[in-house]
Amino acid sequence: MHVPIAFRMKVEEVMTRRVVTIPSTATVREASELMDTENIGSLVVVEENRPVGIVTERDLVRKVLARHRDPGEVRVSEVMSKPLIYVTPDAFLSEAAGLMGGHNIRRLPVIEGDRLVGIITMYDIIRHYRETVYSIIDMLLTLTRV
């Protein structure tokens, strides 16, 4: 029986292809409303359709709300995380996990050339590895019963 090599899975096989973006000129209020509407915790920030940063709920709390700044006056470009740390679709999940761990982040935009093609989160990676571990355990249990 062949054991799948979990660590050879590519980012493109696990990433979410639908990514919600926001222009860097938008206000923090607009960003928070969009996050609420879409039920997500981050937005990829774009300028002329090119990804330039990412803004998270944590950015909004720490850089705007905790400092008593007006969300309707602050631009996303002022609070987004930059430079944008990203991964390519053909990278291995282990590479994406290493980038996340090394930069203490939980989300990575997936960029091919200069095009945003997806996003991968630490949760996506954990979910994949959990499912793979369960599959391996099931296979080992089956083999030991033979």
(Q) Just to be sure before I move on: is S32 touching a residue at least 40 places away in the same chain (Cβ under 8 Å), polar (S, T, N, Q), surrounded by 16 or more Cβ atoms within 10 Å (Cβ to Cβ) and part of a helix (DSSP H, G or I) in the structure I sent? (A) no
Here the residues within the range 69-109 that are more than 18 Å from M9 (Cα to Cα) and β-branched (V, I, T) are V74, V76, V79, I85, I105
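Would you check if T25 is touching a residue at least 24 places away in the same chain (Cβ under 8 Å), surrounded by fewer than 18 Cβ atoms within 10 Å (Cβ to Cβ) and either more than 16 Å from the chain's Cα centre (by Cα) or in a helix (DSSP H, G or I) (or both)?
yes
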Selection over the range 110-146 where residues are within 13 Å of the chain's Cα centre (by Cα), more than 17 Å from M9 (Cα to Cα) and of a type outside the set (A, V, I, L, M, F, W, C) yields a count of 0
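Here, each number is a calculation from the coordinates, and none is a lab measurement. Treat the numbers as computed from the prediction; the structure is a model and nothing was measured. Cβ sites come from the backbone with ideal geometry, for glycine too, and all protein chains shown count toward neighbours.
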